[in-house]
Amino acid sequence: MKPKKSKDVALYLRHTPKLLRDLMIEVRAIIWKTIPDVEETIKFTVPFYSRQGLLCYLSPLKKKDGIYIGFTKGYLMSDESGIFAGKDLKQIRHIEFRKSLDIKKKMLREYLEEAMMLNELKRETFLIK
């Protein structure tokens with residue numbers, strides 16, 4: 001199944017500074033490879049990815065020296081690598097990337113799979129009730 005790529009996200013990326021755009025394109029490709037039927041859209045001014053509910057989003061860091069991937073249910077995730085930032089936030093946890101070498105593909109795929117599993121469990125729990 002092909003991912004539902006968004007023209008709005010492509011436009012967003014065209015207007016993003018090169019460093020941030022390159023990092024986002026790399027993470028975006030990992031998202032698509034990990035979750036083939038992911039839906040991509042712009043929400044709250046940034047690219048969001050959904051499958052059975054919101055999974056994650058990509059956003060520039062405040063100083064614009066990198067990006068982060070935010071997991072909407074990060075507070076429920078295991079974070080076995082201890083890499084999450086944003087632990088002071090209520091629900092969202094994120095992983096920061098300042099250069100391509102920061103992107104650990106295997107680990108990122110595992111985090112994406114866990115986020116997807118949480119959405120599936122939520123859906124199954126809802127259907128059982």
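The values are calculated or read from the model by the stated rules, or taken from the named source; none is laboratory data. Given the structure is predicted, the values throughout are model-derived calculations rather than measurements. As a convention, Cβ positions derive from the backbone with ideal geometry for all residues, glycine included, and neighbour counts pool all protein chains shown.
Only one of the numbered conditions (1) of a type outside the set (Gly, Ala, Ser); (2) assigned to a helix (DSSP H, G or I); (3) under 17 Å from TYR111 (Cβ atoms) is violated by LEU11, and that is (3). The set of residues from the range 78-106 being within 13 Å of the chain's Cα centre (by Cα), over 22 Å from ILE42 (Cα atoms) and modelled with pLDDT of 95 or more comprises ILE103, LYS105.
For the range 39-50, enumerate the residues that are in contact with a helix residue (DSSP H, G or I) (Cβ under 6 Å, 6 or more places away or on another chain) and either under 18 Å from GLU113 (Cβ atoms) or surrounded by fewer than 16 Cβ atoms within 10 Å (Cβ to Cβ) (or both). Across the range 39-50, the qualifying residues are GLU40, ILE42, TYR49.
Restricted to strands (runs of 3 or more DSSP E) entirely inside the range 27-94, no element has at least 3 residues that are more than 24 Å from LYS7 (Cβ to Cβ).
Conditions tested, residue by residue: (1) surrounded by 15 or more Cβ atoms within 10 Å (Cβ to Cβ); (2) closer than 21 Å to LYS122 by Cβ; (3) in contact with a strand residue (DSSP E or B) (Cβ under 7 Å, 6 or more places away or on another chain); (4) not basic (Lys, Arg).
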{"residue": "VAL9", "(1), (2), (3), (4)": "yes, no, yes, yes"}
{"residue": "PRO17", "(1), (2), (3), (4)": "no, no, no, yes"}
{"residue": "ASP37", "(1), (2), (3), (4)": "no, yes, no, yes"}
{"residue": "LEU54", "(1), (2), (3), (4)": "yes, yes, yes, yes"}
{"residue": "SER59", "(1), (2), (3), (4)": "yes, no, yes, yes"}
{"residue": "LYS62", "(1), (2), (3), (4)": "no, no, no, no"}
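For (1) without any contact (Cβ under 8 Å) to a residue 40 or more places away in the chain; (2) in contact with a Gly (Cβ under 7 Å, 6 or more places away or on another chain); (3) crowded, with 16+ Cβ neighbours inside 10 Å, each residue gets a yes or a no:
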{"residue": "ILE69", "(1), (2), (3)": "no, no, yes"}
{"residue": "LYS90", "(1), (2), (3)": "yes, no, no"}
{"residue": "HIS94", "(1), (2), (3)": "yes, yes, yes"}
{"residue": "LYS106", "(1), (2), (3)": "yes, no, no"}
